[in-house]
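Got a structure for you, questions after.
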Amino acid sequence: MIRNIVPILAKRFLLSKSSDGFLSLISWVSILGVALGVMALTVVTSVINGFEGELVRVITNMNGDVLLYSRGDPLRNSDGVKAEIRKILPEAQAVTASFVTEIMTSGPIGVSGAILQGVEADSLGSVTAIPRHLVSGRMPEAAGEVTLGSSLAEKLGAVEGVEIRLIAPFTGGLDSEPRVLKANVVGIVRMGMYDYDSKFIFMRLDAVQKYLDQLGKVTNFNVKLSPGANSRLASDRLAKNFEFPFRAKDWSQLNRNLFYAIQLEKAVIAIILTVIVVVAAFNVVSTLMMMIHDKSKEIAILKAMGFRRAQSFRLFCMIGVGIGAVGICLGMLAGMGLGWILKTTRWITLPSDIYYIGFLPVVMRGKEMGLIAGVALMISFLATLYPSWAVSRRSPLEGIRYE
(Lines give C-alpha, C1' and ligand atoms only; values in the text may rest on other atoms or scores of the structure.)
Protein backbone atom coordinates (compact mmCIF):
# COMPACT_ATOMS: atom_id res chain seq x y z
CA MET A 1 0.00 0.00 0.00
CA ILE A 2 1.03 3.64 -0.35
CA ARG A 3 3.37 4.65 2.46
CA ASN A 4 1.68 7.98 3.21
CA ILE A 5 -1.87 6.70 2.89
CA VAL A 6 -2.68 7.40 6.56
CA PRO A 7 -2.46 11.24 6.25
CA ILE A 8 -4.44 11.09 2.99
CA LEU A 9 -7.19 9.01 4.60
CA ALA A 10 -7.24 11.23 7.71
CA LYS A 11 -7.79 14.26 5.50
CA ARG A 12 -10.53 12.53 3.49
CA PHE A 13 -12.33 11.25 6.60
CA LEU A 14 -12.11 14.61 8.36
CA LEU A 15 -13.31 16.68 5.41
CA SER A 16 -15.91 14.29 4.02
CA LYS A 17 -19.59 15.01 4.52
CA SER A 18 -21.94 12.43 5.93
CA SER A 19 -25.32 11.79 4.32
CA ASP A 20 -27.23 14.06 6.69
CA GLY A 21 -24.46 16.44 7.70
CA PHE A 22 -24.83 15.51 11.38
CA LEU A 23 -21.29 14.16 11.74
CA SER A 24 -19.93 17.36 10.23
CA LEU A 25 -21.90 19.38 12.78
CA ILE A 26 -20.53 17.33 15.68
CA SER A 27 -16.99 17.83 14.36
CA TRP A 28 -17.47 21.59 14.34
CA VAL A 29 -18.92 21.47 17.86
CA SER A 30 -15.74 19.68 18.98
CA ILE A 31 -13.56 22.22 17.20
CA LEU A 32 -15.44 25.15 18.72
CA GLY A 33 -15.25 23.57 22.18
CA VAL A 34 -11.47 23.37 21.97
CA ALA A 35 -11.31 26.88 20.49
CA LEU A 36 -13.38 28.37 23.33
CA GLY A 37 -11.21 26.72 25.96
CA VAL A 38 -7.99 27.91 24.34
CA MET A 39 -9.38 31.42 23.79
CA ALA A 40 -10.47 31.70 27.44
CA LEU A 41 -7.08 30.51 28.68
CA THR A 42 -5.26 32.90 26.36
CA VAL A 43 -7.29 35.96 27.32
CA VAL A 44 -7.38 35.33 31.07
CA THR A 45 -3.66 34.51 31.26
CA SER A 46 -2.82 37.64 29.27
CA VAL A 47 -5.01 39.82 31.51
CA ILE A 48 -3.40 38.46 34.70
CA ASN A 49 0.05 38.98 33.15
CA GLY A 50 -0.92 42.52 32.28
CA PHE A 51 -2.30 43.20 35.74
CA GLU A 52 0.90 41.95 37.35
CA GLY A 53 3.09 43.84 34.91
CA GLU A 54 1.16 47.08 35.40
CA LEU A 55 1.52 46.82 39.18
CA VAL A 56 5.27 46.22 38.83
CA ARG A 57 5.57 49.22 36.51
CA VAL A 58 3.66 51.53 38.86
CA ILE A 59 5.49 50.36 41.99
CA THR A 60 8.95 50.78 40.44
CA ASN A 61 7.95 54.12 38.91
CA MET A 62 6.95 55.32 42.36
CA ASN A 63 9.66 53.78 44.56
CA GLY A 64 12.53 52.76 42.30
CA ASP A 65 13.81 49.18 42.35
CA VAL A 66 14.93 49.04 45.99
CA LEU A 67 13.83 51.00 49.05
CA LEU A 68 16.03 51.47 52.15
CA TYR A 69 14.19 53.13 55.03
CA SER A 70 14.45 53.81 58.74
CA ARG A 71 12.13 52.01 61.14
CA GLY A 72 13.07 54.42 63.91
CA ASP A 73 13.74 58.15 64.03
CA PRO A 74 14.73 60.12 60.93
CA LEU A 75 18.43 59.95 60.07
CA ARG A 76 21.16 62.49 59.43
CA ASN A 77 24.14 62.17 57.08
CA SER A 78 22.14 61.22 54.00
CA ASP A 79 25.17 61.79 51.76
CA GLY A 80 27.17 59.23 53.74
CA VAL A 81 24.37 56.66 53.46
CA LYS A 82 24.12 57.27 49.70
CA ALA A 83 27.86 56.69 49.32
CA GLU A 84 27.61 53.46 51.30
CA ILE A 85 24.71 52.27 49.14
CA ARG A 86 26.73 52.86 45.96
CA LYS A 87 29.65 50.99 47.51
CA ILE A 88 27.50 47.97 48.41
CA LEU A 89 25.56 48.05 45.12
CA PRO A 90 27.83 48.66 42.12
CA GLU A 91 24.75 48.14 39.92
CA ALA A 92 22.99 51.17 41.46
CA GLN A 93 22.46 53.81 38.77
CA ALA A 94 21.00 56.50 41.01
CA VAL A 95 19.99 57.08 44.64
CA THR A 96 17.65 59.72 46.04
CA ALA A 97 16.70 60.55 49.62
CA SER A 98 13.27 61.57 50.90
CA PHE A 99 11.36 62.32 54.07
CA VAL A 100 8.04 60.48 54.38
CA THR A 101 5.46 61.09 57.09
CA GLU A 102 1.70 60.81 57.59
CA ILE A 103 -0.34 63.99 57.92
CA MET A 104 -3.86 65.37 57.57
CA THR A 105 -4.81 67.70 54.76
CA SER A 106 -7.82 69.87 53.99
CA GLY A 107 -8.96 71.49 50.77
CA PRO A 108 -11.89 73.50 49.44
CA ILE A 109 -14.40 70.64 49.68
CA GLY A 110 -12.84 67.86 51.75
CA VAL A 111 -10.47 66.54 54.39
CA SER A 112 -8.27 63.46 54.11
CA GLY A 113 -5.36 61.60 55.60
CA ALA A 114 -2.29 61.74 53.39
CA ILE A 115 1.37 60.82 53.09
CA LEU A 116 3.68 63.79 52.74
CA GLN A 117 6.90 63.00 50.87
CA GLY A 118 9.73 65.47 50.75
CA VAL A 119 11.78 64.80 47.62
CA GLU A 120 15.12 65.87 46.19
CA ALA A 121 14.23 67.71 43.01
CA ASP A 122 17.59 67.13 41.33
CA SER A 123 17.67 63.32 41.72
CA LEU A 124 14.00 62.30 41.94
CA GLY A 125 13.54 61.90 38.17
CA SER A 126 16.60 59.66 37.80
CA VAL A 127 15.22 57.10 40.30
CA THR A 128 11.45 57.33 39.93
CA ALA A 129 9.03 58.32 37.16
CA ILE A 130 6.97 60.68 39.32
CA PRO A 131 7.84 63.86 37.35
CA ARG A 132 6.90 62.08 34.10
CA HIS A 133 3.40 61.29 35.36
CA LEU A 134 2.23 64.85 35.81
CA VAL A 135 -1.19 65.38 34.29
CA SER A 136 -1.07 69.13 34.90
CA GLY A 137 1.29 71.69 36.36
CA ARG A 138 4.77 70.86 37.67
CA MET A 139 6.69 69.47 40.61
CA PRO A 140 7.25 71.86 43.59
CA GLU A 141 10.22 74.18 43.16
CA ALA A 142 9.92 76.42 46.23
CA ALA A 143 8.79 76.27 49.85
CA GLY A 144 5.01 76.29 50.25
CA GLU A 145 4.38 74.45 46.97
CA VAL A 146 2.93 70.93 46.69
CA THR A 147 2.02 68.42 44.00
CA LEU A 148 -0.95 66.14 44.75
CA GLY A 149 -1.99 62.67 43.65
CA SER A 150 -4.92 62.90 41.25
CA SER A 151 -7.47 61.04 43.40
CA LEU A 152 -6.48 63.00 46.50
CA ALA A 153 -6.81 66.28 44.60
CA GLU A 154 -10.28 65.26 43.44
CA LYS A 155 -11.30 64.39 47.01
CA LEU A 156 -10.04 67.72 48.34
CA GLY A 157 -11.43 69.69 45.41
CA ALA A 158 -7.95 71.01 44.68
CA VAL A 159 -6.64 72.16 41.31
CA GLU A 160 -3.63 74.21 40.26
CA GLY A 161 -3.47 77.52 42.13
CA VAL A 162 -5.71 76.37 44.99
CA GLU A 163 -4.46 76.68 48.57
CA ILE A 164 -4.67 73.65 50.87
CA ARG A 165 -3.65 73.07 54.48
CA LEU A 166 -1.20 70.47 55.73
CA ILE A 167 -1.69 69.41 59.34
CA ALA A 168 0.97 67.37 61.19
CA PRO A 169 -0.76 66.33 64.45
CA PHE A 170 2.15 64.99 66.50
CA THR A 171 5.57 66.39 65.66
CA GLY A 172 7.11 66.59 69.12
CA GLY A 173 5.14 64.14 71.26
CA LEU A 174 1.55 63.77 72.39
CA ASP A 175 1.52 67.13 74.15
CA SER A 176 2.82 69.09 71.16
CA GLU A 177 0.69 71.46 69.16
CA PRO A 178 -0.26 70.41 65.59
CA ARG A 179 1.78 72.09 62.88
CA VAL A 180 -0.30 73.71 60.17
CA LEU A 181 1.12 74.83 56.83
CA LYS A 182 -0.70 76.58 54.01
CA ALA A 183 0.56 75.35 50.64
CA ASN A 184 -0.25 76.15 47.02
CA VAL A 185 -1.04 73.31 44.63
CA VAL A 186 1.27 73.61 41.62
CA GLY A 187 0.73 70.20 39.99
CA ILE A 188 -1.33 67.02 39.81
CA VAL A 189 0.32 63.63 39.29
CA ARG A 190 -1.35 60.34 38.31
CA MET A 191 0.79 57.24 38.90
CA GLY A 192 -1.94 54.81 37.81
CA MET A 193 -2.42 53.06 41.16
CA TYR A 194 -5.16 54.19 43.53
CA ASP A 195 -3.11 53.61 46.69
CA TYR A 196 -0.59 56.19 45.48
CA ASP A 197 -2.90 58.64 43.73
CA SER A 198 -5.26 58.88 46.72
CA LYS A 199 -2.63 59.46 49.42
CA PHE A 200 0.58 61.15 48.30
CA ILE A 201 1.56 64.80 48.51
CA PHE A 202 4.97 65.81 47.17
CA MET A 203 7.02 68.75 48.47
CA ARG A 204 10.65 69.78 48.33
CA LEU A 205 12.77 67.90 50.86
CA ASP A 206 14.19 71.02 52.54
CA ALA A 207 10.68 72.48 52.87
CA VAL A 208 9.38 69.34 54.59
CA GLN A 209 12.38 69.26 56.93
CA LYS A 210 11.78 72.87 57.91
CA TYR A 211 8.01 72.35 58.30
CA LEU A 212 8.51 69.40 60.66
CA ASP A 213 11.58 70.85 62.38
CA GLN A 214 13.73 67.92 61.15
CA LEU A 215 16.52 69.87 59.44
CA GLY A 216 19.04 67.66 57.62
CA LYS A 217 17.10 64.45 58.36
CA VAL A 218 15.58 61.88 56.00
CA THR A 219 13.65 58.62 56.34
CA ASN A 220 13.93 56.88 52.95
CA PHE A 221 16.50 56.11 50.27
CA ASN A 222 15.21 55.00 46.85
CA VAL A 223 17.59 53.14 44.53
CA LYS A 224 17.43 52.69 40.76
CA LEU A 225 19.33 49.63 39.49
CA SER A 226 20.84 49.02 36.09
CA PRO A 227 18.65 47.04 33.62
CA GLY A 228 18.70 43.30 34.29
CA ALA A 229 19.99 43.63 37.87
CA ASN A 230 18.39 41.37 40.49
CA SER A 231 16.51 43.69 42.83
CA ARG A 232 15.87 40.98 45.43
CA LEU A 233 19.58 40.18 45.77
CA ALA A 234 20.34 43.91 45.96
CA SER A 235 17.85 44.43 48.80
CA ASP A 236 19.27 41.40 50.64
CA ARG A 237 22.77 42.86 50.40
CA LEU A 238 21.57 46.19 51.77
CA ALA A 239 19.73 44.45 54.62
CA LYS A 240 22.90 42.52 55.48
CA ASN A 241 25.13 45.61 55.55
CA PHE A 242 22.74 48.10 57.18
CA GLU A 243 21.69 47.24 60.72
CA PHE A 244 18.80 48.60 62.80
CA PRO A 245 17.02 50.96 62.31
CA PHE A 246 17.42 50.34 58.58
CA ARG A 247 15.32 47.95 56.56
CA ALA A 248 15.57 47.17 52.83
CA LYS A 249 12.87 45.96 50.44
CA ASP A 250 12.72 45.54 46.69
CA TRP A 251 9.61 46.22 44.59
CA SER A 252 8.27 42.67 44.98
CA GLN A 253 8.47 42.83 48.79
CA LEU A 254 6.65 46.15 48.99
CA ASN A 255 3.42 44.37 47.94
CA ARG A 256 4.37 40.74 48.60
CA ASN A 257 0.90 39.52 49.60
CA LEU A 258 -0.67 41.10 46.53
CA PHE A 259 1.79 39.48 44.11
CA TYR A 260 1.40 36.12 45.86
CA ALA A 261 -2.38 36.38 45.51
CA ILE A 262 -2.02 37.18 41.79
CA GLN A 263 0.19 34.13 41.20
CA LEU A 264 -2.19 31.88 43.12
CA GLU A 265 -5.18 33.28 41.26
CA LYS A 266 -3.43 32.73 37.94
CA ALA A 267 -2.73 29.08 38.74
CA VAL A 268 -6.27 28.37 39.99
CA ILE A 269 -7.97 30.06 37.03
CA ALA A 270 -5.70 28.25 34.58
CA ILE A 271 -6.65 24.90 36.14
CA ILE A 272 -10.36 25.74 36.04
CA LEU A 273 -10.27 26.93 32.44
CA THR A 274 -8.29 23.86 31.37
CA VAL A 275 -11.41 21.88 32.31
CA ILE A 276 -13.12 23.55 29.34
CA VAL A 277 -10.50 22.00 27.06
CA VAL A 278 -10.96 18.63 28.80
CA VAL A 279 -14.73 18.81 28.26
CA ALA A 280 -14.10 19.65 24.62
CA ALA A 281 -11.85 16.58 24.46
CA PHE A 282 -14.86 14.43 25.36
CA ASN A 283 -16.56 15.92 22.31
CA VAL A 284 -13.56 14.76 20.28
CA VAL A 285 -14.07 11.23 21.67
CA SER A 286 -17.76 11.26 20.71
CA THR A 287 -16.90 12.64 17.26
CA LEU A 288 -14.40 9.84 16.64
CA MET A 289 -16.82 7.16 17.87
CA MET A 290 -19.51 8.47 15.54
CA MET A 291 -17.03 8.67 12.68
CA ILE A 292 -15.99 5.07 13.32
CA HIS A 293 -19.66 4.08 13.19
CA ASP A 294 -20.27 6.12 10.05
CA LYS A 295 -17.16 4.83 8.24
CA SER A 296 -17.33 1.24 9.44
CA LYS A 297 -17.73 -0.15 5.93
CA GLU A 298 -14.76 1.84 4.56
CA ILE A 299 -12.61 0.81 7.54
CA ALA A 300 -13.54 -2.87 7.03
CA ILE A 301 -12.65 -2.71 3.32
CA LEU A 302 -9.32 -1.05 4.12
CA LYS A 303 -8.48 -3.76 6.64
CA ALA A 304 -9.44 -6.48 4.16
CA MET A 305 -7.02 -4.89 1.68
CA GLY A 306 -4.16 -5.07 4.20
CA PHE A 307 -4.59 -1.96 6.33
CA ARG A 308 -2.71 -2.86 9.51
CA ARG A 309 -3.85 -2.25 13.09
CA ALA A 310 -1.08 0.28 13.69
CA GLN A 311 -2.16 2.24 10.61
CA SER A 312 -5.77 2.28 11.70
CA PHE A 313 -4.68 3.44 15.17
CA ARG A 314 -2.60 6.24 13.68
CA LEU A 315 -5.42 7.20 11.31
CA PHE A 316 -7.90 8.06 14.04
CA CYS A 317 -5.23 9.58 16.29
CA MET A 318 -4.40 11.89 13.40
CA ILE A 319 -8.08 12.76 12.88
CA GLY A 320 -8.57 13.58 16.58
CA VAL A 321 -5.38 15.62 16.75
CA GLY A 322 -6.44 17.41 13.56
CA ILE A 323 -9.74 18.41 15.17
CA GLY A 324 -7.82 19.65 18.22
CA ALA A 325 -5.25 21.51 16.11
CA VAL A 326 -7.93 23.38 14.15
CA GLY A 327 -9.66 24.32 17.40
CA ILE A 328 -6.37 25.46 18.94
CA CYS A 329 -5.53 27.65 15.95
CA LEU A 330 -8.98 29.25 15.97
CA GLY A 331 -8.83 29.75 19.75
CA MET A 332 -5.38 31.29 19.61
CA LEU A 333 -6.39 33.69 16.84
CA ALA A 334 -9.59 34.68 18.66
CA GLY A 335 -7.78 35.05 21.99
CA MET A 336 -4.98 37.17 20.57
CA GLY A 337 -7.49 39.28 18.63
CA LEU A 338 -9.59 39.92 21.73
CA GLY A 339 -6.44 40.62 23.75
CA TRP A 340 -5.28 43.14 21.14
CA ILE A 341 -8.66 44.89 21.25
CA LEU A 342 -8.58 45.09 25.06
CA LYS A 343 -5.00 46.36 24.99
CA THR A 344 -5.52 49.09 22.41
CA THR A 345 -8.99 50.36 23.34
CA ARG A 346 -9.09 49.83 27.14
CA TRP A 347 -12.88 49.74 26.80
CA ILE A 348 -13.26 47.70 29.99
CA THR A 349 -12.77 49.91 33.05
CA LEU A 350 -12.32 48.83 36.68
CA PRO A 351 -13.07 50.57 39.98
CA SER A 352 -9.53 51.67 40.86
CA ASP A 353 -10.18 51.82 44.60
CA ILE A 354 -10.82 48.05 44.54
CA TYR A 355 -8.51 46.75 41.81
CA TYR A 356 -5.62 49.26 42.31
CA ILE A 357 -5.69 50.21 38.61
CA GLY A 358 -8.55 51.59 36.55
CA PHE A 359 -8.37 49.52 33.35
CA LEU A 360 -7.88 45.96 32.15
CA PRO A 361 -4.23 45.56 31.08
CA VAL A 362 -3.15 42.82 28.66
CA VAL A 363 0.31 41.30 28.16
CA MET A 364 0.64 38.31 25.78
CA ARG A 365 3.73 36.14 26.24
CA GLY A 366 4.87 33.74 23.54
CA LYS A 367 6.05 31.05 25.96
CA GLU A 368 2.70 30.92 27.73
CA MET A 369 0.81 30.89 24.44
CA GLY A 370 2.97 27.94 23.36
CA LEU A 371 2.35 26.16 26.67
CA ILE A 372 -1.42 26.60 26.33
CA ALA A 373 -1.34 25.27 22.76
CA GLY A 374 0.87 22.33 23.78
CA VAL A 375 -1.36 21.34 26.71
CA ALA A 376 -4.51 21.59 24.59
CA LEU A 377 -2.91 19.49 21.84
CA MET A 378 -1.80 16.88 24.38
CA ILE A 379 -5.35 16.68 25.82
CA SER A 380 -6.74 16.27 22.30
CA PHE A 381 -4.24 13.49 21.61
CA LEU A 382 -5.05 11.66 24.85
CA ALA A 383 -8.76 11.84 23.94
CA THR A 384 -8.09 9.95 20.71
CA LEU A 385 -6.33 6.98 22.30
CA TYR A 386 -9.33 4.89 23.31
CA PRO A 387 -11.38 5.30 20.08
CA SER A 388 -8.26 4.66 18.01
CA TRP A 389 -7.37 1.58 20.03
CA ALA A 390 -10.97 0.31 19.79
CA VAL A 391 -11.12 0.61 16.00
CA SER A 392 -7.71 -0.99 15.57
CA ARG A 393 -8.99 -4.10 17.40
CA ARG A 394 -12.01 -4.57 15.14
CA SER A 395 -12.17 -7.39 12.65
CA PRO A 396 -12.89 -6.49 9.00
CA LEU A 397 -15.92 -8.79 9.14
CA GLU A 398 -17.57 -6.70 11.86
CA GLY A 399 -17.84 -3.65 9.63
CA ILE A 400 -19.11 -5.60 6.64
CA ARG A 401 -21.56 -7.60 8.76
CA TYR A 402 -22.82 -4.44 10.36
CA GLU A 403 -23.53 -2.93 6.98
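The values are calculated or read from the model by the stated rules, or taken from the named source; none is laboratory data. Keep in mind the model is a prediction, meaning the values are calculated, not measured. Here the Cβ positions follow ideal geometry from the backbone for every residue, glycine too, while neighbour counts run over all protein chains shown. We work out accessible area using only protein heavy atoms, side chains counted, and drop any ligands, DNA or RNA first. Shrake-Rupley method; radii C 1.70, N 1.55, O 1.52, S 1.80 Å.
Are any residues in the range 184-236 free of Cβ contacts under 8 Å to residues at least 60 places away in the same chain and assigned to a strand (DSSP E or B), and if so, which ones?
Hits for the range 184-236 are 184, 185, 186, 187, 188, 189.
I'd like the residue in the range 242-258 that is open to solvent by 30 Å² or more (accessible area, probe 1.4 Å) and not in a helix (DSSP H, G or I) and, out of all such residues, is farthest from residue 83 (Cα to Cα).
The qualifying residue farthest from residue 83 (Cα to Cα) is 255.
Look at residue 84 and say whether it is open to solvent by 50 Å² or more (accessible area, probe 1.4 Å), at pLDDT 80 or above and assigned to a helix (DSSP H, G or I).
yes
Oh, and also: Only one of these is under 30 Å from residue 158 (Cβ atoms), under 23 Å from the mean Cα position of the chain (by Cα) and surrounded by fewer than 22 Cβ atoms within 10 Å (Cβ to Cβ): 226, 198. Name it.
Matching residue, one of 226, 198: 198.
Given the residues 239, 261, which is the only one that is without any contact (Cβ under 8 Å) to a residue 12 or more places away in the chain, open to solvent by 30 Å² or more (accessible area, probe 1.4 Å) and touching a strand residue (DSSP E or B) at 6+ places or on another chain (Cβ under 8 Å)?
239
Let me ask another. When you scan the range 65-77, how many residues do you find that are at pLDDT 90 or above and open to solvent by less than 40 Å² (accessible area, probe 1.4 Å)?
Number of matching residues: 4.
Another question about this same structure. Being in a strand (DSSP E or B), buried (at least 22 other Cβ atoms within 10 Å of the Cβ) and in contact with a Phe, Trp or Tyr (Cβ under 6 Å, 6 or more places away or on another chain), is that true of even one residue in the range 138-149?
Yes, the range 138-149 contains at least one residue that is in a strand (DSSP E or B), buried (at least 22 other Cβ atoms within 10 Å of the Cβ) and in contact with a Phe, Trp or Tyr (Cβ under 6 Å, 6 or more places away or on another chain).
Among the residues of the range 93-106, count how many are closer than 17 Å to residue 65 by Cα and open to solvent by less than 20 Å² (accessible area, probe 1.4 Å).
Result for the range 93-106: 5.
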